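Peer 1: A single structure is presented below for examination.
The values are calculated or read from the model by the stated rules, or taken from the named source; none is laboratory data. This is a predicted model, so every value here is computed, not measured. So basically every Cβ, Gly included, is an ideal-geometry build from the backbone, and we count neighbours across all protein chains shown.
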Amino acid sequence: MDNSMNIEDARAFFSADRFATDNGMTLDERDERHATCSLMLSPRHCNAYGGVMGGAIFTLADFAFAALTNDRDRKTVAQQVSINYLSAPKGGRLIATAHYRKDGRSSCVVNVDVVDDTGRDVAQFVGTGFKFPAPMTGASNALQGNAATP
């Protein structure tokens, strides 16, 4: 996979992920092997008991998965994910760090660790992604009989 986006380009690209960004999630770091996203917690992230809603934690982990595995030139979608909630957050900020466990030609396995700003383990997310084939361009289109007609 071509992870050619620098952090500024990645932030611009993922600003279109409206569910994550409208809920306060940010892309903090990204390179070829890891991505880190975070969320400043507020009352809108709480459930009826006053704890952080599991869906907010899941969305942050999923956003980190997406930030790591996607590029403008190669799209990856989740095929299967699981999350284990380990502890209730005690801090005011959640941090999700995604790392490849396997980065293959057509699939990947990504581990995402979610902690709070006190260092408390909050959740562990494991995602398997399917990588769509890279788009063909130029000569490769013509070889496949897909050349654009004038």
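Peer 1: In segment 6-26, which residues are surrounded by fewer than 19 Cβ atoms within 10 Å (Cβ to Cβ) and either over 18 Å from residue 95 (Cβ atoms) or among the aromatic types (Phe, Trp, Tyr) (or both)?
Peer 2: 6, 8, 9, 12, 13, 15, 16, 18, 19, 22
Peer 1: For segment 68-106, which positions are touching a Leu at 6+ places or on another chain (Cβ under 8 Å) and of a type in the set (D, E, K, R)?
Peer 2: Within segment 68-106, just 93 meets the criteria.
Peer 1: Would you confirm whether or not segment 91-106 contains a residue that is in contact with an Asp or Glu (Cβ under 6 Å, 6 or more places away or on another chain), of a type outside the set (A, V, I, L, M), at pLDDT 95 or above and assigned to a loop (DSSP other than H, G, I, E, B)?
Peer 2: yes
Peer 1: Looking only at segment 73-92, count how many residues are among the basic types (Lys, Arg) and surrounded by 14 or more Cβ atoms within 10 Å (Cβ to Cβ).
Peer 2: Of the residues in that region, 2 qualify.
Peer 1: How many residues are buried (at least 16 other Cβ atoms within 10 Å of the Cβ), within 15 Å of residue 91 (Cα to Cα) and either out of contact with any Ser or Thr (no Cβ under 7 Å at 6 or more places or on another chain) or modelled with pLDDT under 95 (or both) if we restrict to segment 27-52?
Peer 2: The total comes to 4.
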